[in-house]
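Chemist: Questions regarding the structure given below will be posed in turn.
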Ligand code: GAL
């Protein structure tokens, strides 16, 4: 992909191939369908998802007469589907009254799907408690941050902390797992759907107090960590510690985020254990973490730790795909588990919840699918197959109409199906690999958001400022947690790492001393793990390594000159302290305080390097900074593509695959650096021409 963020945003074995060959079903003479790996093809825990590409949709058989199911599944198979997701909102059908379970219909749906060559992901229904439950046990209903208890009729109205809800969830999931855990056609499980809202009910408050006691042991420790002498916040009884959504002490708020994360982890584990105890080990367990990949209500690395792989929803809403932001979202999700992921929901043209729920361009739905695959998605599932005849989402895009016949988007989804079938054997076992990582850290994001200091300081925009020129140079960029291993990288960028605890400081130091290049962005190292100001200047525990420090930070009311460009929103005044620390960028005539001072400093450490960039710099400066950093770190660029075209790469099993997507509306010709095999069209190519929203999948020599 070339061009700045602004410019474009305006525009997975041979074993398996044998298996695939054996089970390929014919749609029509000469055509291919995606194949589901034969039973036994994957034995490892949740491994099956990596054995193929998966295409399908969310299907709600409970909403339709059973006589209709066969036709639905026939139409799915005919467009190339090999998977379907069912069950995630059907608690009232699975347990029509307390303790009276009916899983037979689910078993029948799963087996019928199998007859059509379609494997099944089973969703647990805990996003939508049945009405008998909320009537009999009103305490299962969520209490919001203002203390209001929610009512029935929507979804997400349950408490993640309430013991009754945990028990009832465990019971229904246990019954599901007993009914379906050994069904050969079930490929995996999705726990709940789109974890979103925590609860502030009495059970949650009790859990909060218990969590604090376990973490701190004594109130003295808690008071010390949160500096509660400030404003007479000192607590002499655990029950005094606030628990709500009010803006409070940032130390408390950071801990509340960790507590909420742990509540979701245990809410999920309650169900996960029930599934694991009854399900075949080959069945994977994931959850669908929703359309807001960047959302930070809780720590998504922690949620994914117990799961086999990550899933999310890729929705555009109003407008069209913003290639960098959307691509980076996929990279973020891949980074949650550092492995390929699924797009559990993607829009079939349009949604129903956006300010303007416009249709995507012709071809854009296909381009979105291939962008996801290029970034490491192995599963693409449309939401949804067919809209319910009533309910809150009757206006959403779907694949079938209310008459049960294909809508216009069906043809595009069928093309995706044919193409995924062709590409699956080539992509199986491949994943995006990058020498470069961007660090994304939930405690830092929380900390900065608690005390923004400038209303326009948007950490995702800051991350994307670094991401865009990196992605222009490379087929793949990783986005990973600051708390993980870094040895495989040559260049690591931490755009907003405000919280640096000792362990992270030690890991980053070892990375630089081991020859890596680290770039720190503004606000780095200001805080410790409790969100306390570090008792030394930024970047705190990395100041000695940098050989320099931040003298003062400034929220900018107007742009300031820096180097040959400018900085907006944020600028820090840096001083080199070590003799070998060099000034990389200097402010020009600025706000008086910054004039002529250092805006970025860099220091060579053995074969490694650490650079601190204290300002939010413009695109031109950023491009120079990143180009120099790539050269300095010895990172080879991938081949150049025209503006508007995104280059994505996946490697593995001795294969190297290039995915090209033209996000624009004008045709573009891409000259290839070597002849490549055209996976979708056949033949060898030295150049490819992509029409509007055009896609190419190319196999190149693995050793370059
Ligand atoms: C998702 C949700 C689906 C459906 C969809 C509509 O967030 O998981 O159940 O509501 O949005 O776009």
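Chemist: Give the order of 695, 562, 583 when sorted by the count of other beta carbons within 10 angstrom, beginning with the fewest.
Modeler: In order of increasing Cβ crowding within 10 Å: 583, 695, 562.
Chemist: OK, next. Out of all DSSP beta bridges with both ends in the chain, state the antiparallel percent to the nearest 5.
Modeler: Numbers: 52 of 97 bridges.
The answer is about 55 percent antiparallel.
Chemist: Please give the FRET efficiency for residue 653 paired with residue 589, using the beta carbon to beta carbon distance and R0 = 45 Å, rounded to the nearest 0.05.
Modeler: Numbers: r = 56 Å, r/R0 = 1.25.
Approximately 0.20, to the nearest 0.05.
Chemist: Just the number: Rg to Rh for the range 568-648, Cα atoms, Kirkwood Rh, two decimals.
Modeler: For the range 568-648, the value is 1.05.
Chemist: Moving on to the next point. Mind listing the Cα extents of the range 437-526 along all three principal axes, in Å, largest one first?
Modeler: On the principal axes, the range 437-526 reaches 36, 33, 16 Å in Cα extent.
Chemist: Based on the alpha-carbon set only, what is the convex hull volume of the range 249-352 divided per residue, in Å³? Each step should come with its number before you reach the end.
Modeler: Values: hull volume 14.5 nm³, N = 104.
Value for the range 249-352: 139 Å³ per residue.
Chemist: Evaluate the relative contact order of the range 123-232 (contact order divided by residue number), counting alpha-carbon pairs under 8 angstrom at least 6 apart; express in whole percent. Walk me through the numbers before you get to the answer.
Modeler: Details: 101 pairs, mean separation 35.6, N = 110.
Relative contact order of the range 123-232: 32 percent.
Chemist: Give me the one-decimal nm value for the distance between modelled label points at residue 131 and residue 575, 7 Å along each residue's Cα-to-Cβ direction.
Modeler: Modelled inter-label distance: 7.0 nm.
Chemist: Now a separate question. Report the full-extension gain for the segment residue 297 to residue 433: residue separation times 0.36 nm, less the Cα-Cα distance, to one decimal in nm.
Modeler: On the way: separation 136, 0.36 × 136 = 48.96 nm, distance 2.87 nm.
Residue separation times 0.36 nm, minus the Cα-Cα distance, leaves 46.1 nm.
Chemist: Considering only DSSP beta bridges with both partners in the range 436-632, what is the antiparallel share in %, to the nearest 5?
Modeler: 60 percent
Chemist: How long are the semi-axes of the equivalent ellipsoid of the range 436-632, defined as square roots of 5 times the Cα gyration tensor eigenvalues? Whole Å, largest first.
Modeler: Values: eigenvalues 96, 71, 62 Å².
Ellipsoid half-lengths, sorted descending, are 22, 19, 18 Å.
Chemist: Then there is this: Set the Förster radius R0 to 35 Å, insert the Cβ-Cβ distance between residue 74 and residue 666 as r into 1/(1 + (r/R0)^6), and round the FRET efficiency to 0.05.
Modeler: Here the calculated transfer efficiency is 0.35.
Chemist: Calculate the length of the line joining the C-alpha centroid of the range 576-652 to that of the range 186-220, in whole Å.
Modeler: 41 Å
Chemist: So what is Rg over Rh here for the range 130-225, counting just Cα atoms and using Kirkwood for Rh?
Modeler: 1.09
Chemist: Starting from one equal scatterer on each C-alpha and no solvent at all, send me the Debye-based log10 I(q)/I(0) for the range 326-374 at q = 0.16, 0.29 Å⁻¹, two decimals.
Modeler: -0.53, -1.12
Chemist: Turning to a different aspect of this structure: The range 397-461 to the range 97-113: how many Å between their Cα centroids?
Modeler: If you average the Cα positions of each part, the centres end up 32 Å apart.
Chemist: Give me 257, 471 ranked fewest to most by other Cβ atoms within 10 Å of their Cβ, as a rough exposure proxy.
Modeler: 257, 471
Chemist: Using just the Cα positions, wrap the range 645-700 in a convex hull and report its mean projected area in square nanometres, one decimal place.
Modeler: Average of the hull's projected areas for the range 645-700 equals 3.5 nm².
Chemist: Starting from the Cα-Cα distance between residue 104 and residue 624, subtract it from 0.36 nm times their residue separation and give me the gain in nm to one decimal.
Modeler: Result: 181.0 nm gained on full extension.
Chemist: Related question: Only counting other Cβ atoms within 10 Å, I'd like 62, 95 sorted with the fewest neighbours first.
Modeler: With the fewest neighbours first, 62, 95 line up as 62, 95.
Chemist: Suppose R0 equals 51 Å; then what is the FRET efficiency for residue 115 and residue 455 from their Cβ-Cβ distance, rounded to the nearest 0.05?
Modeler: 0.35
Chemist: Assuming a ≥ b ≥ c are the square roots of the Cα gyration tensor eigenvalues, decide whether the range 306-435 counts as rounded (a/c under 1.5), prolate (otherwise, with a/b larger than b/c) or oblate. Numbers along the way, then the final one.
Modeler: Values: a/c = 1.85, a/b = 1.56, b/c = 1.19.
It is prolate, given that a/c is not under 1.5 and a/b is the larger ratio.
Chemist: Right, next: For the chain, what size does the Cα cloud have along each of its three principal axes, sorted from largest down, in whole Å?
Modeler: 77, 71, 44
Chemist: Full extension from residue 513 to residue 246: what is 0.36 nm times the residue separation minus their Cα-Cα distance, to one decimal in nm?
Modeler: Length gained, residue 513 through residue 246: 91.9 nm.
No lab work stands behind these numbers, since they all come straight from the coordinates. Keep in mind the model is a prediction, meaning the values are calculated, not measured. Neighbour counts are summed over all protein chains in view; Cβ atoms, including those assigned to glycine, are modelled from backbone coordinates with ideal geometry.
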